[in-house]
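The values are calculated or read from the model by the stated rules, or taken from the named source; none is laboratory data. Keep in mind it's a predicted model, so treat the numbers as computed, not measured. Every residue, glycine as well, gets a Cβ built from its backbone with ideal geometry; the counts of neighbours run over all protein chains shown. These area figures cover heavy atoms from the full protein model, side chains too; ligands, DNA and RNA do not enter into them. Shrake-Rupley method; radii C 1.70, N 1.55, O 1.52, S 1.80 Å.
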Amino acid sequence: MYPHIQTVDSSPKLPEETDVTVIGGGIIGVSTAWALSRAGVRTTLLEKGVIAGEQSSRNWGWCRTMGRDEREIPLAMASLARWPELAAELSEEIGFKRTGILYACRDETELTQQRDWLARASHYGVSSRLLDAAELARYMPGIEPGAFVGALYTPDDGRAEPDVVAPAMARSAMRLGATLLQQCAVRGIETQSGRVHAVVTERGRVRTQAVVLAGGAWSSLFCRHLGIRLPQLKVLGSVMRTPPMTGGPEAALGTSGFSFRKRADGGYTIAHRGGTLAPIVPDSFRYLRDFLPMMRTSREEFRLRLDARLWQEAWHHRRWSNDDISPFERERVLDPMPSSRVLKEAMRQISDAVPFFRNIEIAQRWGGLIDVTPDSVPVIDSINTLPGFYLATGFSGHGFGTAPGAGQLMADLVTGSTPLVDPEPYRFSRFGKTGSKV
Ligand SMILES: Cc1cc2nc3c(=O)[nH]c(=O)nc-3n(C[C@H](O)[C@H](O)[C@H](O)COP(=O)(O)OP(=O)(O)OC[C@H]3O[C@@H](n4cnc5c(N)ncnc54)[C@H](O)[C@@H]3O)c2cc1C
């Protein structure tokens with residue numbers, strides 16, 4: 001179930017004191033720690049499981065500007081500008097390639113949606129353009145004639161390998177002086193005179209001037225422990241990969257029924273673009289009002305499902321004190337079962353539309369719980385009710401491609417440097433209840 005991930009060796013011990021503590025060793029936490037270390041800040045990164053064990057190794061590996069919410073485009077563009085330099089900066093191969101990404105449209109309604117996005121996004125300088133069916137066949141040879149009426153195409157978008165990027169950034173941060181511990185859950189925060197003073201972990205306490213919470217799907221729970229209300233839910237993505245294959249398309253393709261992208265080993269990562277399921281959990285009721293508008297407008301992307309997660313979260317997520325075992329130690333790695341129904345449907349649709357994928361072998365299937373905010377835009381901000389506490393979370397299915405920029409922006413806010421992009425769209429206050437008690 002677990003996708004392959006490169007391993008990272010932890011530092012020998014927890015420091016007594018650090019400048020900044022980053023909670024969470026997904027790609028956002030690691031990218032933040034890397035940027036802070038490059039700025040000469042003493043940084044400690046603490047991960048309850050393993051580096052990239054959750055969303056950051058389970059994603060499709062798309063680095064895209066296409067289709068983004070307008071507020072996210074500057075961050076996606078800034079990140080895309082950094083991806084080509086990363087391998088050299090990290091001194092490791094990470095598989096980034098500008099292969100282009102296409103969204104193929106089955107009918108005029110889908111094409112109009114893409115045309116409307118392009119009209120809104122074009123003044124940001126995106127490289128996207130619309131293709132008719134004949135042009136699409138040129139960029140994606142082997143596609144079944146008549147399956148699609150056209151596509152939105154973004155030549156500058158690309159792909160990288162999720163199982164290596166975050167581990168490579170983590171190793172680079174350590175070479176620059178960062179301390180990194182895995183199997184080290186943070187249970188809570190201690191304050192002094194109203195501001196962050198220390199983090200309490202399962203292995204002891206670290207005095208710290210600032211804390212960046214990059215906890216992915218766990219961030220809302222951690223915030224609730226601090227009395228901060230962060231509306232956030234999880235949706236299940238189901239993914240599969242083939243063994244290495246010969247030939248096949250280089251560009252990545254998304255349609256309403258399936259998506260694929262070539263991997264560095266020559267195999268393909270395949271999924272169903274609309275096939276995300278939202279498990280019903282206690283937070284579904286807690287944040288119902290916040291998410292209702294999204295549920296109404298994206299019914300296809302937000303199908304509710306009752307499963308064992310409801311009882312797990314009701315049991316695991318009860319309140320705890322910083323001396324108790326916390327929920328973060330009870331579940332080291334979120335490793336949900338993928339939906340076989342969703343994956344079967346993706347296989348059926350991809351085989352119909354792209355004959356290259358007929359009768360292929362599937363080497364592995366996995367699931368990943370994606371953390372989403374009510375407007376699908378992340379929070380990258382300081383929390384003014386708790387000085388010294390910062391959030392970099394809620395990447396809503398887009399955090400792999402935007403990580404190089406997001407980590408830099410978070411580091412800029414912590415150090416008070418000129419921000420990489422305007423941080424305004426990522427403010428926590430847009431949820432209207434900054435720091436309100438839960
Ligand atoms: C199936 C799927 C497909 C996706 N496809 C794409 C894509 O193609 N392109 C794209 O850009 N994005 C994609 N995404 C989204 C992307 O993977 C995420 O947005 C990104 O990985 C989020 O990174 P993160 O660091 O915020 O969270 P995570 O990777 O989930 O990391 C959070 C980490 O915090 C740790 N943690 C939490 N609480 C604590 C604590 N108290 N103490 C210590 N550690 C803690 C967790 O163990 C975890 O390792 C996809 C996601 C999925 C699941």
- Query: Listed residues Pro231, Pro327; which is open to solvent by less than 30 Å² (accessible area, probe 1.4 Å) and either among the basic types (Lys, Arg) or in contact with an Asp or Glu (Cβ under 6 Å, 6 or more places away or on another chain) (or both)?
  - Reply: Pro231
- What is the number of the single condition among (1) at pLDDT below 95; (2) within 11 Å of the ligand (Cβ to nearest atom) that Ser436 does not meet? (2)
- Message: Can you confirm whether Ala33 is more than 13 Å from the ligand (Cβ to nearest atom) and over 13 Å from the mean Cα position of the chain (by Cα)?
- Response: no
- Message: Please pick out the residue among Arg263, Arg296, Arg305 that is assigned by TED's automatic domain parsing to the domain that holds Val377, of a type in the set (D, E, K, R) and within 13 Å of the ligand (Cβ to nearest atom).
- Response: Arg263
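Which ones in segment 343-373 are within 15 Å of the ligand (Cβ to nearest atom) and buried (at least 21 other Cβ atoms within 10 Å of the Cβ)? Outline the logic, then answer.
Just the residues of segment 343-373 that are within 15 Å of the ligand (Cβ to nearest atom), to begin with: 343, 346, 364-373.
Passing the criteria: Leu343, Ala346, Gly368, Leu369, Ile370, Asp371, Val372, Thr373.
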- Message: I need every pair where a residue in segment 314-336 that is closer than 19 Å to Asp283 by Cβ and polar (S, T, N, Q) has its Cβ under 8 Å from the Cβ of a residue that is more than 9 Å from the ligand (Cβ to nearest atom) and in a loop (DSSP other than H, G, I, E, B), sequence separation at least 6 or different chains.
- Response: Ser326/Trp320
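Listed here are the residues, each with its yes/no results for (1) at pLDDT 95 or above; (2) outside the structural domain of Ala406 (by TED's automatic domain parsing); (3) more than 25 Å from Leu334 (Cα to Cα).
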| residue | (1), (2), (3) |
| --- | --- |
| Val8 | yes, yes, no |
| Ser11 | yes, yes, no |
| Thr21 | yes, no, no |
| Ile27 | yes, no, no |
| Thr32 | yes, no, no |
| Ser37 | yes, no, yes |
| Gly40 | yes, no, yes |
- Note on the structure: Of all strands (runs of 3 or more DSSP E) fully inside segment 9-119, the set with 3 or more residues that are under 21 Å from Ser259 (Cβ atoms) is 101-105
- Only one residue in Arg98, Arg82, Arg58, Arg71 is within 16 Å of the ligand (Cβ to nearest atom), crowded, with 22+ Cβ neighbours inside 10 Å and charged (D, E, K, R), so which one is that? Arg58
